Amino acid sequence: GAGVSQSPSNKVTEKGKDVELRCDPISGHTALYWYRQRLGQGLEFLIYFQGNSAPDKSGLPSDRFSAERTGESVSTLTIQRTQQEDSAVYLCASSLVYSMNTEAFFGQGTRLTVV
Amino acid sequence: QKEVEQNSGPLSVPEGAIASLNCTYSDRGSQSFFWYRQYSGKSPELIMSIYSNGDKEDGRFTAQLNKASQYVSLLIRDSQPSDSATYLCAVNQMDSNYQLIWGAGTKLIIKP
């Protein structure tokens, strides 16, 4: 696609429910990144993918968070048993390759509100 | 701990003046440096990247890198109200497996 696409753009969920956030990267981009941004805060790195592999999952906040990527394309970030502190904007970015000089491009984000 | 530091601001600059945004980083192994602009409620968008010491110009924007002093700056000439946004500095560090390390951002306000 022309840009990184995320869905849904907004999600309101009840505490304790599971949610799935989706990211469609730019076509041909092999690297994909998930970030979390709380209101008025900076970017918090969650996880990245090289192809379909996630070499480092240490950025995930807890074991309630998981992510997968298939076909070197779409990625889903799943949050189980959501808590109010999970409320934030979840941003996905992609880059052509995962390397030193690569430039990352962001989707519009999913605003998650846990009530 | 590897860090990227930015003054949170807000930095207020009159329209038409030069806005100067600064970023310092702790890891001397840093190789690539990026400036992103984020409007309120929107996602970050890439403005400039810089990889070698010196200046890099793109339109009204100039990125400056000084690896010896471990800082990177962004100059915006002829500032416009539409430049009002939060500017994020990101640094790619080789020994962090190329992971981007982000500053918290500087809020820039251009006053008409």
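The values are calculated or read from the model by the stated rules, or taken from the named source; none is laboratory data. Model, not experiment: these values are computed from the prediction. Positions of Cβ are generated from backbone atoms using ideal geometry, with glycine treated the same way; all protein chains shown enter the neighbour counts. Side chains are part of the model used for accessible areas, which takes the heavy atoms of the whole protein and leaves out ligands, DNA and RNA. Shrake-Rupley method; radii C 1.70, N 1.55, O 1.52, S 1.80 Å.
Each Lys and Arg contributes +1 and each Asp and Glu -1, all at the Cβ; summed about the Cα centre of chain A, the dipole is approximately 280 debye. Take each residue of peptide B:64-76, count the partner chain Cβ atoms within 10 Å of its Cβ, and average: the result is 0. Heavy-atom accessible area with a 1.4 Å probe sorts B:W102, B:W35, largest first, into B:W102, B:W35.
In peptide B:44-50, how many Cβ atoms from other protein chains are near each Cβ within 10 Å, on average?
Per residue, the number of nearby Cβ atoms from other chains is 3 on average.
Sorted largest first, the principal axis extents computed over the alpha-carbon atoms of chain A equal 38, 26, 26 Å. Taking max minus min of the alpha-carbon positions on each principal axis, the range B:56-97 gives extents of 38, 19, 16 Å, largest first.
Under the definition of partner shielding as Cβ atoms of other protein chains within 10 Å of a residue Cβ, what is the mean value for peptide A:101-110? Walk me through the numbers before you get to the answer.
Numbers: counts 7, 6, 8, 7, 4, 7, 1, 3, 4, 0.
Other-chain Cβ atoms within 10 Å of each residue's Cβ, averaged: 5.
Across the accessible surface of chain B, with the other protein chains kept in place and a 1.4 Å probe, carbon and sulfur atoms take up 46 percent. Computed over chain B, the quotient of the alpha carbon radius of gyration and 2.2 N^0.38 Å is 1.02.
Placing B:I76, B:I109 in order of accessible area, with the largest value first and a 1.4 Å probe, yields B:I109, B:I76.
Counting only protein heavy atoms, what percent of the accessible surface of chain A is carbon or sulfur at a 1.4 Å probe?
45 percent
For the protein assembly as shown, the equivalent ellipsoid built from the Cα gyration tensor has semi-axes of 30, 21, 16 Å, listed from largest to smallest.
Shape analysis of the range B:1-44 based on the Cα gyration tensor places the equivalent ellipsoid semi-axes at 24, 14, 11 Å, largest first. Largest accessible area first, the listed residues B:F34, B:F61 line up as B:F61, B:F34 when surface is computed with a 1.4 Å probe on the assembled protein chains. Take the Cβ atoms of A:Q83 and B:E45, set R0 to 30 Å, and the FRET efficiency comes out at 0.50. Heavy-atom accessible area buried between chains A and B is around 1600 Å² (1.4 Å probe, both sides summed).
With R₀ set to 35 Å, the beta-carbon distance separating A:R38 from B:E57 gives a calculated FRET efficiency near 0.50. In this rough spin-label picture, where each label sits 7 Å from Cα along the Cβ direction, the B:N7-A:R64 distance is 3.9 nm.
Compare A:Y98, A:Y33, A:Y48 in a GNM of chain A, Cα atoms joined below 10 Å, and give the one with the largest fluctuation. Looking only at A:Y98, A:Y33, A:Y48, the biggest GNM fluctuation is shown by A:Y98.
Computed from the C-beta positions of A:S7 and B:K111 and an R0 of 41 Å, the FRET efficiency is 0.65 to the nearest 0.05. Net charge in the neighbourhood of B:K67 (other residues with Cβ under 12 Å of its Cβ; Lys, Arg +1, Asp, Glu -1) is 0. Taken per residue, the accessible surface of the protein assembly as shown reaches 47 Å², heavy atoms only and a 1.4 Å probe.
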